[in-house]
1. Is it fair to say ALA98 is closer than 29 Å to ILE122 by Cβ and more than 13 Å from the chain's Cα centre (by Cα)?
2. Among residues belonging to the stretch 4-29 that are closer than 20 Å to HIS69 by Cα and exposed (fewer than 14 other Cβ atoms within 10 Å of the Cβ), point out the one that is farthest from the chain's Cα centre (by Cα).
3. Regarding the stretch 88-101, can at least one residue be identified that is farther than 18 Å from ALA10 by Cα, in contact with a Phe, Trp or Tyr (Cβ under 8 Å, 6 or more places away or on another chain) and not hydroxyl-bearing (Ser, Thr, Tyr)?
4. Test ARG27 against the stated conditions and say whether it is in contact with a strand residue (DSSP E or B) (Cβ under 6 Å, 6 or more places away or on another chain) and of a type outside the set (Gly, Ala, Ser).
Amino acid sequence: MSKTPRPTGAELAILQVLWEQGPATVRQVHEAIAANAGDKATGYTTTLKLMQIMAEKGIVSRDETSRTHIYAARLPQQHTQRQLVGDLITKAFGGSAARLVMHALSTHPASKEELAEIRRLIEQEKRK
């Protein structure tokens, strides 16, 4: 995996908004997070500071050509998810993808559609 900084939980919430909505202002991101968090929502200035830190870390890009800065995720959602899953497999499951999958399925049962997709991926891996 690359040396891209791993986002924190709060940063992942911001990235989720940017992945779903595309480039956005701090206000737009803050409002989307607040709508989902209800009483647990953080303040606007907290969202602003987090996004500034994320820009410094290279997790998001910031377009400063207008007075209102526009932020965008630097990497696609799938890339970040792969990094985080790779870290989890290494740190929590001793490098075993099978152990991760078994724990995931015992914790969150998969739908019929998800199981079919898992089977398809297993067959694809067998052919490699």
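1. yes
2. Per the stated criteria, the residue is ARG27.
3. Scanning the stretch 88-101 turns up at least one residue that is farther than 18 Å from ALA10 by Cα, in contact with a Phe, Trp or Tyr (Cβ under 8 Å, 6 or more places away or on another chain) and not hydroxyl-bearing (Ser, Thr, Tyr).
4. no
Only the coordinates and a few stated rules stand behind these numbers; no lab work does. Quick caveat: nothing in here was measured; it's all calculated off a predicted structure. So basically every Cβ, Gly included, is an ideal-geometry build from the backbone, and we count neighbours across all protein chains shown.
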